[in-house]
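Laboratory data are not the source of any read-out in this text; all were calculated from the coordinates shown. Because the structure is a prediction, the values reported are computed rather than measured. Cβ placement follows ideal geometry from the backbone for every residue including glycine, while neighbour counts extend to all protein chains displayed.
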Amino acid sequence: MSTTYWQKRMEIPGRVSFSEGNGDMPRIEIKTPHSTGEIYLNGATVTHFQRNGEPPILFLSQFSRWAAGQPIRGGVPICFPWFGAQEGAPQHGFARTTSWDLKEITQTADGGVSVRLGLPESADASLYPPFTADYVVTFGKQLTLELLIKNTSADQDFSFENCLHTYFTVGDINAISLTGLKGASFLDKVDNLSRKVETSQNLKINQETDRIYVDTASTVEIHDSKLQRRIVVEKEGSQSTVVWNPWVAKAQQMPDFGNEEYPNMVCVESGNVSDNRLVLPAGKTAMLKVVIDSLPL
């Protein structure tokens, strides 16, 4: 569907515009009194959020593939209904490579903009009990992400994983620390999924890092001494936090990620994966909510 269709029905002058983005894919561009942002229908991927007068909060690879059915490398990909690898299936599920339906755009009382999207019916989705997936993204002073999964079956449980795979911009990976994870147990994917406990109050990243922290609902902060800010990742309906940076060797193996981009990004992902996989009873709804803010260091 062409962007002209939405321009006629949903464009809000000075706030919301539609364009053919990278790869000629439909893109929604947002401008509020506090920030700018953009979201692609491909994967319902938020690819940009920036507070006025500040560096971008989200990281987007310059080498990302821009093609329908391909994941976007950066921003906030949606991992659903599984996380990670699954034999014979795409990494992180089909939600991040499906073109979502645009349902509604509204303005908030403080000048922000909310975009509601829905995951369409598909052959992939039909392999599961009946469900609906809605995603509400609100751009304002903060970036608020809400993924709503409803089990519409009359009598079947729906078992799934979900995760908002958020890529953050940092000034220098060697000059950041993460707080909020001390005492949490984690699966270390770089060390054959060994189970460990986080002992650091201020977690530093100085090598390839790929950790699934389980049974933790805590807010995580990224303290960035180079950009002189702290990014606050507050979450609700999430018991897992994933921390990832590919470092040197892994970055060179990824065709949609630059060899020299790893020092300027870190993923802090909120969801329910591994030990925290969800089993949703018939008729119930699971909400995963993440609020991202930036404050002076």
Segment 223-297: GluC sites (Glu not before Pro) falling in loop per DSSP and having at most 16 other Cβ within 10 Å: Glu260
Cα gyration tensor category, rounded, prolate or oblate, for segment 1-93 with a/c compared to 1.5: oblate
Segment 1-157 - percent relative contact order, Cα under 8 Å, separation 6 or more: 16
Full-extension gain in nm, Ala89 to Gln62, via 0.36 nm per residue minus C-alpha separation: 7.1 nm
Share of pairwise Cα separations in segment 88-224, more than 23 Å, in percent: 53
The chain: relative contact order in percent, alpha carbon pairs under 8 Å with at least 6 residues between: 17
Per residue Cα convex hull volume in Å³ - calculated over segment 6-56: 75
Label-point gap, in nm, between Glu121 and Asn192 - each point 7 angstrom along Cα→Cβ: 4.7
Listed residues Ser153, Ser61, Ser122, most fluctuating in the chain (Gaussian network, C-alpha, under 10 Å): Ser122
Correct option for P(r) over Cα pairs in 5 Å bins from 0, in percent [calculated from the coordinates] among [x] 1, 5, 10, 12, 13, 12, 11, 9, 9, 8, 6, 3, 1, 0, 0; [y] 1, 5, 10, 12, 13, 12, 10, 8, 6, 4, 3, 3, 3, 2, 2, 2, 1, 1, 1, 1, 0, 0, 0, 0; [z] 1, 5, 12, 17, 19, 18, 14, 9, 4, 1, 0: [z]
Kirkwood hydrodynamic radius of segment 1-157, from inverse mean 1/r over distinct Cα pairs, in Å: 16.3
Helix-derived mean residue ellipticity, 222 nm - over the chain, DSSP H n ≥ 4, -39500 (n - 2.57), to 500: -1500 deg cm²/dmol
Set Lys31/Lys204; Lys196/Lys235; Lys31/Lys182; Lys182/Lys284; Lys196/Lys284; Lys204/Lys250 screened for pairs whose C-alpha atoms are more than 30 Å apart: Lys31/Lys204; Lys31/Lys182; Lys182/Lys284; Lys196/Lys284
Solitary cysteines of the chain, where the nearest other Cys Cβ is not under 4.7 Å: Cys267
Full-extension gain in nm, Asp155 to Gln252, via 0.36 nm per residue minus C-alpha separation: 30.2 nm
